[in-house]
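The values are calculated or read from the model by the stated rules, or taken from the named source; none is laboratory data. Here the structure is a predicted model, which is why all the values come from computation and not from measurement. Ideal geometry is used to build each Cβ from the backbone, glycine not excepted, and the neighbour counts take in all protein chains shown. Calculation scope for accessible area: heavy atoms of the full protein, side chains included, ligands and nucleic acids excluded. Shrake-Rupley method; radii C 1.70, N 1.55, O 1.52, S 1.80 Å.
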Amino acid sequence: PSQFQSTGSNFSMKAFSTLFFISPFLINKYCAFILKSPTISPRRCKFLPVSSNGNDPDSNGIPTPQDGNLIMEKAISEPAGRLCRDDVEHDSKKDLLFENKRKKQVLILCTGGTLTMAKDPNRGNALAPVEGALTDYLQTMTEITDNPAMPDVVAHEYSPLIDSSDMGPGDWALLAKDIGDNYYDFDGFVILMGTDTMAYAASALAFMLENLGKPVILTGSQIPLIESYNDARKNLIMALIFASQENILEVSIFFHDRLLRGCRSTKINTSLLRAFDSPNQEPLAKIGIGIEEAVHLQRPPPRWRLCVHTRMESRLITLRLVPGFDDAMIVDMIEAARKKHHLKGLILQLYGTGNLPTLKEGFIQMLASATAQGMIVVACTQCPTGSIMMGKYATGQALERAGVVSANDMTVEATNCKLAYLLGRGDLSVEEIRRIMSIDLRGEVTPQSENQDAFHKHC
């Protein structure tokens, strides 16, 4: 791995002023934002190891394709391993006594993406990731190297660097495992990757990192770092700043001018710098000349140690229905997938609040037959905002009778990753998974019931 370290003292107000002018009346508010909630001491790893839900300790906690009945994808890159610098090790007693004075440590895990790209003459000047470019650029960023307010940074570039369209459950498991291996050595984590599947990765990691008590910030860019005008520099610096804070206890995405909950995010634009949004939830924070945070959305500190899950079920199909669809063709496709590939889950993107044509009786009968045989069918809306309300119309009631469960107001990214995570756990029955799909685990869905905590079952 390539590593880069910056120098300086504890994180403070100055970090944000490297990008924006902060007016005096915002100073007290901003400092309170930084120092709000306690986090787990990074030196407690000597007494409290991270638990892992991988299948085999000899495989570094990452499931293999032969993992029982699960069909697992293999990661493209190799694990990073433990990346803590020996020269920044601190005495555990001193850290506990002087935690507020200890310099923050942030680990960057770089998988590739536009941020690391440059024109490749061997590929017709098409953009391609350049290995080592991030590390070289970090050494020239004086706002990090010369600013005592910024955290110490260790950067690991995976090899090979890949486009996010090539990433899948195996690569998400790799990232989750590397975060778990380094969890007690760093105060926060930044993941650099491409934007195309960033919302899927953020949703998956939110579920894989159970009891997360530190910030994991995903970011990237629409314009490479190498370009004179780019959005990469600001996104990277702000991701480091948010990864240094103690009240962001979840997986999130920083892009352009806002911090978004990872399992609420979706990519909304291919060309504008504001590429992401969380349609059914306001941002966790917005930046201008100061930071405006949504305090009421902040996750509470975890009550248990971090548990890393790396098993994700990949035998899922997502279908977006359109008017005039051939239900016979879809029925044949799903039946073939069930018999030949043991299809475990089906996600339907339906019209409005969860409707489909009442004349498609054969399609609804197929769904009823599939759910009766243990397949999980989830309905989510095609609308960017709003929620599934299956009992509102007659067509939705027919789906309920067929055993289809509601995704409520989850994004399609969160719905896919949540279902893959629950099926991959291996300790939940089909009926339990159906019930948990509508229960809020990581802030991915608006709670529908005040007594939902009774059924969390440490998920």
Item to complete: Just need a number here: residues in segment 105-130 that are within 17 Å of Leu218 (Cα to Cα) and assigned to a helix (DSSP H, G or I).
Response: 3
Practice prompt. Output the residues belonging to segment 398-419 that are open to solvent by less than 10 Å² (accessible area, probe 1.4 Å) and small (Gly, Ala, Ser).
Written response: Ala402, Ala407, Ala414
Response to the item:
In segment 278-327, residues that are outside any loop (DSSP other than H, G, I, E, B), over 16 Å from Ala204 (Cβ atoms), in contact with a helix residue (DSSP H, G or I) (Cβ under 9 Å, 6 or more places away or on another chain) and not acidic (Asp, Glu) total 7
Worksheet item: For segment 141-183, how many residues meet the condition of being open to solvent by 10 Å² or more (accessible area, probe 1.4 Å), touching a helix residue (DSSP H, G or I) at 6+ places or on another chain (Cβ under 7 Å) and not in a helix (DSSP H, G or I)?
Response: 5
Worksheet, complete the sentence: When restricted to Asp196, Asp136, the only residue among the acidic types (Asp, Glu), surrounded by fewer than 20 Cβ atoms within 10 Å (Cβ to Cβ) and within 14 Å of the chain's Cα centre (by Cα) is Asp196
Discussion item. Against the definition (polar (S, T, N, Q) and either open to solvent by 10 Å² or more (accessible area, probe 1.4 Å) or more than 11 Å from the chain's Cα centre (by Cα) (or both)), how does Ser203 come out, yes or no?
Written reply: no
Fill in: Tally, over segment 375-388, of residues that are in a loop (DSSP other than H, G, I, E, B) and open to solvent by less than 30 Å² (accessible area, probe 1.4 Å)
2
Worksheet item: What single numbered condition from (1) more than 15 Å from Thr318 (Cα to Cα); (2) touching a Phe, Trp or Tyr at 6+ places or on another chain (Cβ under 9 Å) fails to hold for Gly391?
Response: (2)
Worksheet entry | Members of segment 150-180 that are touching an Asp or Glu at 6+ places or on another chain (Cβ under 7 Å) and hydroxyl-bearing (Ser, Thr, Tyr) | Ser159, Ser164, Ser165
Discussion item. Suppose the filter is in a loop (DSSP other than H, G, I, E, B), free of Cβ contacts under 8 Å to residues at least 40 places away in the same chain and closer than 21 Å to Pro129 by Cα; does Asn269 pass it?
Written reply: no
Worksheet, complete the sentence: Those residues of segment 397-443 that are part of a helix (DSSP H, G or I), of a type in the set (D, E, K, R) and under 23 Å from the mean Cα position of the chain (by Cα) come to a total of 5
Worksheet, complete the sentence: Only unsatisfied item for Gly391, checking (1) free of Cβ contacts under 8 Å to residues at least 60 places away in the same chain; (2) part of a helix (DSSP H, G or I); (3) among the small types (Gly, Ala, Ser), is (2)
Item to complete: Among what's in segment 247-266 and is in a strand (DSSP E or B) and among the hydroxyl-bearing types (Ser, Thr, Tyr), pick the residue that is nearest to Ile237 (Cα to Cα).
Response: Ser252
Worksheet item: Looking at Gly188, is it out of contact with any Pro (no Cβ under 6 Å at 6 or more places or on another chain), small (Gly, Ala, Ser) and under 27 Å from Gln139 (Cα atoms)?
Response: no
Worksheet entry | From the options Leu212, Leu236, Leu218, residue that is closer than 19 Å to Ala285 by Cβ and part of a helix (DSSP H, G or I) | Leu236
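On the given criteria, is Ala243 over 22 Å from Asp440 (Cα atoms), surrounded by 24 or more Cβ atoms within 10 Å (Cβ to Cβ), touching an Asp or Glu at 6+ places or on another chain (Cβ under 8 Å) and modelled with pLDDT of 95 or more? Outline the logic, then answer.
On the way: over 22 Å from Asp440 (Cα atoms): yes; surrounded by 24 or more Cβ atoms within 10 Å (Cβ to Cβ): yes; touching an Asp or Glu at 6+ places or on another chain (Cβ under 8 Å): yes; modelled with pLDDT of 95 or more: yes.
Criteria met by Ala243.
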